[in-house]
1. Scan segment A:308-321 and tell me whether some residue there is at pLDDT below 95, at positive phi and loosely packed, with under 13 Cβ neighbours inside 10 Å.
2. For segment A:1-20: of the residues being touching a residue at least 12 places away in the same chain (Cβ under 8 Å) and not in a loop (DSSP other than H, G, I, E, B), which is surrounded by the fewest Cβ atoms within 10 Å (Cβ to Cβ)?
3. Could you list, in sequence order, the residues of segment A:390-430 that are at pLDDT below 85 and of a type in the set (Ser, Thr, Tyr)?
4. With the structure loaded, tell me whether A:Pro324 is free of Cβ contacts under 8 Å to residues at least 60 places away in the same chain and closer than 26 Å to A:Ile428 by Cβ or whether it fails that test.
5. Hey, could you check segment A:357-389 for residues that are among the polar types (S, T, N, Q) and surrounded by 18 or more Cβ atoms within 10 Å (Cβ to Cβ) and say which is modelled with the lowest pLDDT?
6. Restricting to segment B:109-142, name every residue that is among the basic types (Lys, Arg) and assigned to a helix (DSSP H, G or I).
7. Could you pull out every one of the helices (runs of 4 or more DSSP H) wholly within segment A:23-134 that has 1 or more residues that are over 30 Å from B:Lys32 (Cα atoms) and among the hydroxyl-bearing types (Ser, Thr, Tyr)?
8. Just wondering, is there one or more residues in segment A:148-170 that are within 17 Å of the chain's Cα centre (by Cα), acidic (Asp, Glu), within 23 Å of A:Asp118 (Cβ to Cβ) and not assigned by TED's automatic domain parsing to the domain that holds A:Phe62?
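The values are calculated or read from the model by the stated rules, or taken from the named source; none is laboratory data. Just so we're clear, the structure is a prediction, and the values are computed from it rather than from any experiment. Please note: Cβ atoms are built from the backbone with ideal geometry, for glycine as well, and neighbour counts cover all protein chains shown.
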Amino acid sequence: MAYKDEKLDEEKVFKDPVHRYVHVRDQVIWDLIGTPEFQRLRRVRQLGTTYLTFHGAEHSRFNHSLGVYEIVRRILLNFEGRPDWNNDERLLCLCAALLHDLGHGPFSHSFEKVFKLDHEDFTKKIILGDTHVNEILKRVDLEFPQKVADVINKTYEDKLVVSLISSQIDADRMDYLQRDAYFTGVSYGHFDMERILRVMRPVEDQVVIKESGMHAVEDYIMSRYQMYWQVYFHPVTRSAEVILSKILHRAKHLYEQNYKFDFEPTHFISFFEGDVNLEDYLRLDESVVLFYFQMWADEKDSIISDLCVRFTNRQLFKYVEFNPNLQMKEWMELYSLFRDVGMDPEYYLVVDSSSDLPYDFYRPGEEEERLPIHLLMPNQDLRELSRESDIVEAISGKKRTDHKLYFPLDFVEALPDDSEAKARILEILNS
Amino acid sequence: MLANHAKLMKFFSASEEVVGRKKLQKMIYILKKCGVPYDEKYEFHFYGPYSEELTLRIEELCNLGFISEVKEDKSNYYQYRYGMTQQGEEFLNHSQVELPPIEDKIEKMKEKSSRFLELVSTMLYFDDLTKAEIEEKIQVVKKKSNYTSKDLEEAWQFIEQIQH
């Protein structure tokens, strides 16, 4: 029997708090889960620094990847035998679902921004490079690794396959919303996924939703909207993210200045030099990063030491609402005041905008800008969701962005009471 | 402060007016591929390279009153028209962000249709492949767009002009 068709003697199951069970019968899937590259995902949290706000949010990208695989597996059971669906693509879909986040690094949002990296590039490199994952995929077919990479990169020829893994209503989002809600403990993020899976239909090159399932999709969109503001953009998480980014910036800056670290940043050197190879990338997980932060807390450089203590002990920056348009002059004044009192504003005065986090809620856009969610009407026409649903239309048009100014209030308060700068800083921040 | 926003404001300052979100998305992507340091992350979507971050940042600039967005109903879809406001100009004046010259490139792109810019940006997305492989890839990922060999030739010339 060809490797691609090999089945396990008995179905394996993973107990899962969101989907109850994740079912595996394909030998290929079982083998992929066992690779070091996939197991590494256990050591990368799904929500980065969110655990500092919601202490339950310790779940990993491993859990999520299994969840996405399970959702796609269930969707495909529903698709079997339907027109427009080619079941020969089944294993490709399952592999792409399982491996779609393979290239995520530790705290990947901050790492990507600071070191100008792209986790999608690393996903591709792991799938196509000299890795255990690549070995397994090649056993299916020599062209198979490239196909899996193309699906994840959204450049595969069959767009229907792509849209299962990546579209406005895909297995990825359906899993992370429910999983993140479960682990953070919030009461948002729930929707009737079983219903959505039942009303999904393959139509030509996209997955659409039967019109009768519109209300289930409304619930899903609302859940995205609420999770976005209640969890993903939580201001405390953003504070931790700000400090994390500043630690990485500072460490890179010190390295470039030939600073002599007491604890050599061996794992980071290729990151600092902008030349990260796959081996180095895979060696760096969140446990390693947190270990460095503990060590750097004792560095003689007062900035990196302070920032690492803050991150490790959760002594985060405070924040105030900030409007960069109306408060432009105050910003410039604060910047000078911070510098004057010895708090480097490059590290201690940070404006953070909500869009700096990589989650989105539903935006229909204009024609041919991006693929919207389409409803399949009883007469077989397709209609864009927000044209049919008042609820979705209402939140699609609703613009809400958020800017906050982060700073170490403890440092400001520790300035001498007779300091004019202190009085003025507090006056601006409290205004 | 808001360096990424300021870089985008430089674009609006140089372009005066941009019609269509898709066109805007592709223009920024093409500039990025010309070495202009825009940090917005792009992924490949149904209609070529697309950046969710850019969408969000544009939304923020609108909310801040730095750019204006006019929504026009085209019966089957909406179209958006963007321009810089007085407040946006003031913000840009306070900003210390520097970019390489982009005016000529923007002029060249403004003359082109969004369909053409979609082709150009898609070709640039695959710029790690050979010319023949890129053309083959276009036929795979843009099957429905029916780009002709003449379109491809024109796009290659355009890329040559704009990148040099």
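1. No: zero hits.
2. A:Glu11
3. Selection gives A:Ser396, A:Thr401.
4. The answer is no for A:Pro324.
5. Ranking the candidates gives A:Ser386 first.
6. Within segment B:109-142, B:Lys110, B:Arg115, B:Lys131, B:Lys137 meet the criteria.
7. Passing ranges, in order: A:61-79.
8. no
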